[in-house]
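Q: One structure, as structure tokens, below. Some questions next.
The values are calculated or read from the model by the stated rules, or taken from the named source; none is laboratory data. As the structure is a computational prediction, the values presented were derived from the model and not from experiment. We place every Cβ from the backbone using ideal geometry, glycine too, and count neighbours over all the protein chains shown. Just so you know, the surface numbers come from the protein's heavy atoms only, side chains and all, with ligands and any DNA or RNA stripped out. Shrake-Rupley method; radii C 1.70, N 1.55, O 1.52, S 1.80 Å.
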Amino acid sequence: MRLNLNFLFLILYLVVGFIPNFGSVDRIATHWLYLNIVSFLSIIFFLSKNPGVNIIKSITSNKPLVIFIVFGVWAAISILYSINITESIITTIRLFSLILTTITVGLHLSQLDSLRNIFVFILFPIILYEIFRPTIEIYRITSQVHFTFELANFLETFTPNKNITAAIITAHMGFFFMLRFYLKKFENLFVLLILFGTVVIFFISARASIIGLILSLVFVYILTFLKKKEKIYFLNKVCLSVIFGIFVSNLYLGSDNTASFQSRLTSVNTKDESTNQRVRFYKHGINHLLKNPIVGIGIGNWKLKSIEYDSENIKNYVVPYHLHNDFLQYGTETGIIGMLLYLSLFLALLVQNVKRIDSNYYLSISLIISLSVLFIDSNLNFPHHRPIMMILLALIISLTELNRTKDFEK
């Protein structure tokens, strides 16, 4: 019975993207409330049904989780010098909600005998939905008009934002390695799905996800070649599938199409409004961090300080809400120590998974790809603001700890 309840709680966490907004202006508020409710019920479950679970020990033995908690405490301290205490309190509550979610997800996972059901019966259906819903939209649109960059906004999954949609799909594609381990007979199906996923990502034309997909595959290819060369066969098929997906996308779109691979990469220049805006935001963030390296403006307060820096470019009262770089934004809000703590969380996760490639190759590669995509997206967008992206971080932290302590691929 305990196994079923732990599995049920994990389903509740991982389907957060399917939760509607229930009338709220932004579904983010609903998602945070939903995660808090599930975490609260999880704590009650562990305290009442699993008194043998040593919660403190499970936390202290997980080094990335400890770093995450220390970062949360450091961020909470910034309330003392915050330029807007209310904003800092709200952001701190959300941050600790995520930390609590990470703790409870890890506890639920630790109670399972195998990860098979998590990947096969939860993550696999979610990935199928993420890939095929925009695929159907691509077919519908291209059957009527020629696809252009402006039409990419219609390709969505749980979120109306195409960049988040692309980031989620790209990060989840790493889990095909673990699915291949559990379902070897469906290897060619997974390769085909990676092809479809690649086409979707390139039609969406999200540069952060395109860069994340390519760099993460290059990175794991080098790791596989150096540490586990006998496993490179499936990775070769994955890389060829991605290359073919790029070829198919560009063949249809054409090199002059605004949504093509070449157009999106060559648009990274000062003439591109999106790129120019990001560069301007980064300059503001770096300048502020250099002037205030130790004490920031308080967690969650960049949206207020940015008005001062970007006042000459603000139009129609649209405030530069985020810096489009989570690490730099945390630096401006909590100082360089806060930025380094959050950065060290990703580094600790990467190191632990690289160390386990020899023992748990497929799980390690899955987590390295997902982590790499999330890291790159964190440098170009603001996934920290979206619960649907942060539940991925919670899952990576929890699975990394299991990867460290158990051998799944004997």
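Q: I'd like the FRET efficiency for Val66 and Phe121, computed as 1/(1 + (r/R0)^6) with the beta carbon distance as r and R0 of 35 Å, rounded to 0.05.
A: 0.70
Q: Mind checking the dipole of the chain: about its Cα centre, +1 per Lys or Arg Cβ, -1 per Asp or Glu Cβ, Debye to the nearest 20?
A: Using Cβ point charges on Lys, Arg, Asp and Glu, the chain gives about 940 debye.
Q: Could you compute the FRET efficiency for Leu215 and Val25, with r as their C-beta to C-beta distance and R0 at 35 Å, rounded to 0.05?
A: Calculated value: 0.50.
Q: Can I ask one more? First check a/c for the stretch 97-188, with a ≥ b ≥ c the square roots of the eigenvalues of its C-alpha gyration tensor; if it is under 1.5, answer rounded, and if not, answer prolate when a/b is larger than b/c or oblate otherwise.
A: Cα axes put the stretch 97-188 in the oblate bin.
Q: Counting only protein heavy atoms and using a 1.4 Å probe, what share of the accessible area of the chain belongs to carbon plus sulfur, as a whole percent?
A: Carbon with sulfur: 66 percent of the solvent-accessible area.
Q: Ignoring ligands, DNA and RNA, what accessible area per residue does the stretch 313-410 give at 1.4 Å, in Å²?
A: 33 Å²
Q: At 7 Å along the Cα-to-beta-carbon direction for both Thr148 and Asp407, put a label point, then send me their distance in nm to one decimal.
A: Those two pseudo-labels are separated by 5.9 nm.
Q: Still on this model: Would you mind telling me which residue in Gln352, Gln329, Gln277 has the biggest mean-square fluctuation in a Gaussian network model of the chain, where springs connect alpha carbons within a distance under 10 angstrom?
A: Ranking Gln352, Gln329, Gln277 by mean-square fluctuation puts Gln277 first.
Q: If you look at just the Cα atoms of the chain, how large are its Rg and its Dmax in Å?
A: For the chain, the Cα radius of gyration and maximum Cα-Cα distance read 21.2, 63 Å.
Q: Residue by residue through the stretch 285-293, what is 3J(HN,Hα) from phi via Karplus (6.51 cos²θ - 1.76 cosθ + 1.60, θ = phi - 60°)? Round to whole Hz and write x for glycine and proline.
A: For the stretch 285-293, the Karplus curve yields x, 5, 4, 5, 5, 5, 7, 9, x Hz.
Q: Give me the 1.4 Å probe accessible area per residue for the stretch 1-149, excluding ligands and nucleic acids, in Å².
A: On a per-residue basis, 51 Å².
Q: Quick check for you: which residues of the stretch 53-67 have the amide N under 17 Å from the point 7 Å beyond the Cα of Lys355 toward its beta carbon?
A: Residues passing the 17 Å test: 58-67.
Q: Hey, another quick one. So, in Å, what gap is there between the alpha-carbon centers of the stretch 353-409 and the stretch 183-200?
A: A separation of 20 Å, based on Cα centres.
Q: Tell me which lysines have Cα within less than 29 Å of Lys162's Cα, excluding those fewer than 8 residues away on the same chain?
A: Correct list for Lys162: Lys237, Lys271, Lys283, Lys303, Lys305, Lys315.
Q: State whether the stretch 297-410 is rounded, prolate or oblate according to the following rule on the C-alpha gyration tensor (a ≥ b ≥ c being the square roots of its eigenvalues): a/c under 1.5 gives rounded; otherwise a/b larger than b/c gives prolate, and the remaining case gives oblate.
A: Note, shape of the stretch 297-410 comes out prolate.
Q: Multiply the residue gap between Arg140 and Asn379 by 0.36 nm, knock off their C-alpha separation, and tell me the result in nm, one decimal place.
A: 82.7 nm
Q: Can you give me the convex hull volume of the Cα atoms of the stretch 134-244, divided per residue and expressed in Å³?
A: Residue-normalised Cα hull volume stands at 102 Å³.
Q: With a ≥ b ≥ c taken as the square roots of the eigenvalues of the C-alpha gyration tensor of the stretch 1-131, please select rounded if a/c is under 1.5 and otherwise prolate if a/b is larger than b/c or oblate if it is not?
A: Taking the square roots of the gyration eigenvalues as a ≥ b ≥ c, the stretch 1-131 is oblate.
Q: What are the ³J(HN,Hα) couplings of the stretch 64-70, residue after residue, when phi is run through the Karplus curve with 6.51, -1.76, 1.60 and θ = phi - 60°? Round to Hz, x for glycine and proline.
A: x, 5, 4, 4, 4, 5, 4
Q: Next question. Spelling out what I want: for every residue of the stretch 179-195, take phi, set θ = phi - 60°, compute 6.51 cos²θ - 1.76 cosθ + 1.60 (Karplus), and round to whole Hz; glycine and proline get x.
A: Each residue of the stretch 179-195 in turn: 5, 5, 5, 7, 10, 4, 5, 9, 4, 5, 5, 5, 4, 5, 5, 5, 4 Hz.
Q: Suppose only helical runs count, i.e. DSSP H with n ≥ 4. What mean residue ellipticity at 222 nm does that imply for the chain under -39500 (n - 2.57) per run, divided by all residues and rounded to the nearest 500 deg cm²/dmol?
A: -23000 deg cm²/dmol
Q: Report the FRET efficiency, 1/(1 + (r/R0)^6), for Ile307 and Ile43, where r is their Cβ-Cβ distance and R0 is 51 Å, rounded to 0.05.
A: The pair Ile307/Ile43 has a calculated efficiency of 0.85.
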